[in-house]
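*Asks:* Here you go, one structure.
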Amino acid sequence: MRYKVTIIATLIGLAVCAFNYTGYDPHNMVFFMFSVPAWFADMFMDIHDISVLLMYALTVLTWALLGFITDLIIARDRRKNSSTA
């Protein structure tokens, strides 16, 4: 199985975190739009009480997991199509 989508999704997660870290996202708008863990953290607790590095790590891991699940679906679809052909 190729992990092309996993790698791309992980890079997207890293890019979101890097953009937020550089300071070009002063109100964290981009980070909160694209970070799924930040959505849940903001719902259940004050976002200022959470470690920024933890949020970055969870964001990258979430994007990597989404990419991996997508790769699994693609591989399953390819196996199914190759067996029926």
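The values are calculated or read from the model by the stated rules, or taken from the named source; none is laboratory data. A quick note: this is a predicted structure, and the numbers were derived from the prediction, not measured. Because the Cβ atoms are built from the backbone with ideal geometry, glycine has one as well, and the counts that use them run over all protein chains shown. For accessibility, only protein heavy atoms count, side chains too; no ligands or nucleic acids. Shrake-Rupley method; radii C 1.70, N 1.55, O 1.52, S 1.80 Å.
*Asks:* Filter the range 2-51 for residues that are open to solvent by 50 Å² or more (accessible area, probe 1.4 Å) and on the phi > 0 side of the Ramachandran plot and give the result.
*Replies:* Asn28
*Asks:* Hey, another quick one. Among Thr84, Thr59, which is the only one that is under 30 Å from Met1 (Cβ atoms), among the β-branched types (Val, Ile, Thr) and surrounded by 15 or more Cβ atoms within 10 Å (Cβ to Cβ)?
*Replies:* On the way: Thr84 fails: surrounded by 15 or more Cβ atoms within 10 Å (Cβ to Cβ).
So the residue among Thr84, Thr59 that is under 30 Å from Met1 (Cβ atoms), among the β-branched types (Val, Ile, Thr) and surrounded by 15 or more Cβ atoms within 10 Å (Cβ to Cβ) is Thr59.
*Asks:* Are there any pairs with C-beta distances below 8 angstrom linking a residue in the range 33-57 that is among the charged types (D, E, K, R) to a residue that is surrounded by 11 or more Cβ atoms within 10 Å (Cβ to Cβ), with the two at least 6 apart or on different chains, and if so which?
*Replies:* Asp42/Phe32
*Asks:* Looking at this structure, is Tyr56 modelled with pLDDT of 95 or more and over 15 Å from the mean Cα position of the chain (by Cα)?
*Replies:* Details: modelled with pLDDT of 95 or more: yes; over 15 Å from the mean Cα position of the chain (by Cα): no.
Spelling it out, it is not the case that Tyr56 is modelled with pLDDT of 95 or more and over 15 Å from the mean Cα position of the chain (by Cα).
*Asks:* Out of Asp25, Asp42, I need the residue that is assigned to a loop (DSSP other than H, G, I, E, B) and of a type outside the set (A, V, I, L, M). Which one?
*Replies:* Numbers: Asp42 fails: assigned to a loop (DSSP other than H, G, I, E, B).
Only one candidate passes the filter, namely Asp25.
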